[in-house]
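Trainee: Dropping the structure in here first, questions after.
Where a number appears in this text, it was derived from the coordinates with a stated rule and is not lab data. Remember, it's a predicted structure, so these values are computed and weren't measured experimentally. Every residue, glycine among them, receives a Cβ derived from its backbone with ideal geometry; neighbour counts consider all protein chains shown.
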Number of protein chains: 2
Amino acid sequence: MAPKESPLIIRDKNQMRKWSRTMRSQGNIIALVPTMGYLHQGHLSLINEAHKHANLVAVSIYVNPGQFSPNEDLSTYPSDFQGDIQKLLSVPGGVDVVFNPINLYDYGEIDSGGEGVVVVEGDQVVSCIEKSGLGHETWVRVEKLEKGLCGMSRPVFFRGVATIVTKLFNIVEPDVAVFGKKDYQQWRVIQRMVRDLDFSIKVIGSEITRENDGLAMSSRNVHLSPEEREKALSINKSLSRAKSAAKDGQVQCEKLKNLVIQCITEAGGIIDYAEIVDQHSLEKKEFIKGPVVFCVAAWFGKVRLIDNMEINL
Amino acid sequence: MAPKESPLIIRDKNQMRKWSRTMRSQGNIIALVPTMGYLHQGHLSLINEAHKHANLVAVSIYVNPGQFSPNEDLSTYPSDFQGDIQKLLSVPGGVDVVFNPINLYDYGEIDSGGEGVVVVEGDQVVSCIEKSGLGHETWVRVEKLEKGLCGMSRPVFFRGVATIVTKLFNIVEPDVAVFGKKDYQQWRVIQRMVRDLDFSIKVIGSEITRENDGLAMSSRNVHLSPEEREKALSINKSLSRAKSAAKDGQVQCEKLKNLVIQCITEAGGIIDYAEIVDQHSLEKKEFIKGPVVFCVAAWFGKVRLIDNMEINL
């Protein structure tokens, strides 16, 4: 495919839907790659994957406040829109449209939402949206898959992800959507949501892209100091070691987990979780039999990184 | 419009979507009227309304287990599919398609959902779906509007309604959807959901259809004995009286509520709730100023009836 010109940039959701409907009515197949911007090679690999399933590719760039709790890093989440556009120009086949909305939770009718700021009761989860007073109150929840792993320390995260992806699906109306397997739980949450809500969208999971030294690519890596970055290599190293050990016959998850926890901790990381779970249900396993995935989250300084490795014995 | 032939009956969701997409690609506008069957004049009035906004009308007939709790009347909910089809033939302009799926929660892949039956924790709400072991776990919640009125005594109801309507929207992909204002809270929940999730669907609220004696039409009326039916007239009568009193200057909601509660209770009904609320936020009002709606739910024998009346002073 020949390299394309600069992508069309659309900020208005009605214009975005109009573009999609026009293109689809002409027989095009549209793939959506949802991102929060600050693109890196990992995102670009998702776009490459998208080209395999569609002849038009839409990339959304939107930092979703609905998936951040008020004490998380929404305000410091990195962004570089012009840099992102430059990177998109470098992708073979390019990108046809970039959807970059200002605020997908502002409906311009605050008054009808009652008192604005939502009163929070009991154990209800709260994101930056409830605090905004914009009156948004509808949330999509994948009640089992959202709970473990990242859901333990980030209780609003998957609710926010499922909701914004539903909104993007309803605005962009794609035929295909591509998600990175780096965010393994997110990928499974979206797959389940698409099934359970009968979205007519094919969800593709794209393999993790790693730096040459093995660090999984992430927009948050930019916040790592050189020392922290070096220490963070322990995540991928220890996962690889655990996978080898499993292939060599060690099927006790407790043993494999201890190996990873010890390696990351010795390198100076602080473990959030390290779990071996079923690839579909994400339920914890005691022994490896059948396809599992080893998921890890750990802090290096002020940066929380996640990574994972599928183990198919 | 000339009376139509028997509507096409579709049971498979993929076939349903295919029909819609084909029709839309030919420039048709499609309205969806979601029902649980056992149709009465109230439903037919929704279809009449639908014809005003679209040139093709789809009616779904599906008793949604997701909006019933295990102790509610799912098993006794009335149904008469052949009678329904006959009634649809009587509507001027007819109906183009009836979507009558068998089970919208069965994805034929129970195993991937983990252990099947969902373990219920703490104050989590539970519908007939969690008990089914089918692995469905995604729910749409309109967190504020779902709580009051019917949400007080039916905690799974609006979660189930919002979820099944999302599914139907994703399967039928209509341009317009018509809901009865008899289920006032449901109508507002769906409106808010459509706004918050960016569905490109126009939601129409259609006025309440009443029997000659004023009883709001409901599929559940069939379960009333003649005596209970007579007593149930107290709902509409008292609401009309309250509206008159308000128009005559009584703006204290407490006084108006007492009037209605007394009238229904004296007739032998047992009040579930009687509330005067804002028409949009459904928040309780102390005084009537601006558009409100008086919502009532009451039991007559084993039948729970709801009704409401807008008051626009």
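Trainee: Relative contact order, percent, of the stretch B:221-312 when contacts are C-alpha pairs under 8 Å separated by at least 6 residues?
Mentor: 30
Trainee: Tell me what chain A gives for mean residue ellipticity at 222 nm when only DSSP H runs of n ≥ 4 count, each as -39,500 (n - 2.57), the sum divided by the residue total, rounded to 500 deg cm²/dmol.
Mentor: -10500 deg cm²/dmol
Trainee: Which distances in nm, rounded to one decimal and ordered from shortest, link the label point of B:GLN279 to the equivalent label points in the other identical copies, with labels set 7 Å from Cα toward Cβ?
Mentor: Spacings between copies for this position, smallest first, are 5.5 nm.
Trainee: For the stretch A:29-94, calculate the relative contact order in percent as a whole number, restricting contacts to Cα pairs under 8 Å that are 6 or more residues apart.
Mentor: 42
Trainee: For the residues B:ARG21, A:ARG141, what sequence is obtained by ranking on other C-beta atoms within 10 Å, fewest first?
Mentor: B:ARG21, A:ARG141
Trainee: A follow-up question, please. Two-decimal Rg/Rh of the protein assembly as shown from alpha-carbon positions, Kirkwood Rh?
Mentor: Reported Rg/Rh, Kirkwood definition of Rh: 1.00.
Trainee: Let me ask something else about it. Would you kindly calculate the mean projected area, averaged across all directions, of the convex hull enclosing the Cα atoms of the stretch A:19-109, in square nanometres?
Mentor: 7.4
Trainee: So what's the angle, to the nearest 10 degrees on a 0 to 90 scale, between helix A:253-267 and the longest Cα principal axis of chain A?
Mentor: Compared with the principal axis, the helix lies near 80 degrees.
Trainee: Between the stretch A:54-80 and the stretch A:154-201, how many Å separate their Cα centres?
Mentor: Between the Cα centre of the stretch A:54-80 and that of the stretch A:154-201, the gap is 14 Å.
Trainee: When all alpha-carbon pairs of chain A are counted, what percent fall beyond 38 Å?
Mentor: Of all Cα-Cα distances in chain A, 15 percent exceed 38 Å.
Trainee: While we're on this one: Which percentage, to the nearest 5, of the DSSP beta bridges contained in chain B is antiparallel?
Mentor: Once the DSSP bridges in chain B are tallied, antiparallel ones form about 50 percent.
Trainee: In degrees between 0 and 90, to the nearest 10, how far off the longest principal axis of chain A does helix A:157-172 point, with axes built from Cα atoms?
Mentor: That helix lies at roughly 40 degrees to the long axis.
Trainee: Between A and B, which A residue has the Cβ nearest their rotation axis, distance in Å?
Mentor: Nearest-to-axis residue on chain A, with distance in whole Å, is A:VAL140, 3.
Trainee: What pairs from B:LYS144/B:LYS182; B:LYS202/B:LYS289; A:LYS144/A:LYS284; B:LYS247/B:LYS284; A:LYS181/A:LYS284; A:LYS257/A:LYS285 go past 22 Å between their alpha carbons?
Mentor: B:LYS202/B:LYS289
Trainee: Extending each Cα 7 Å along its Cβ direction at B:GLN86 and B:GLN252, get the distance between those two points in nm, one decimal.
Mentor: Rounded to a tenth, the inter-label distance reads 5.3 nm.
Trainee: Under a point spin-label approximation (7 Å from Cα along Cα-to-Cβ), what is the A:GLU310-A:LEU74 distance to one decimal in nm?
Mentor: If labels sit at A:GLU310 and A:LEU74, their model points lie 3.4 nm apart.
Trainee: For B:LYS302, place a label point 7 Å from Cα along the Cα-to-Cβ direction in every copy; what are the distances to the other copies, in nm, shortest first?
Mentor: With the label placed 7 Å along Cα→Cβ, B:LYS302 yields 6.4 nm.
Trainee: Could you grab the relative contact order for chain B? Cα pairs under 8 Å, six or more apart, rounded to a whole percent.
Mentor: Answer for chain B is 17 percent.
Trainee: Next up: In µm²/s, what is D for the stretch A:221-312 at 37 °C and 0.692 mPa s, where D = kT/(6 pi eta Rh) by Stokes-Einstein and Rh is the Kirkwood radius from Cα pairs?
Mentor: Translational D for this selection: 249 µm²/s.
Trainee: Something else now. Can you tell me the 0 to 90 degree angle between the C-alpha axis of helix B:81-90 and the longest principal axis of chain B, rounded to 10?
Mentor: Around 80 degrees separate the two axes.
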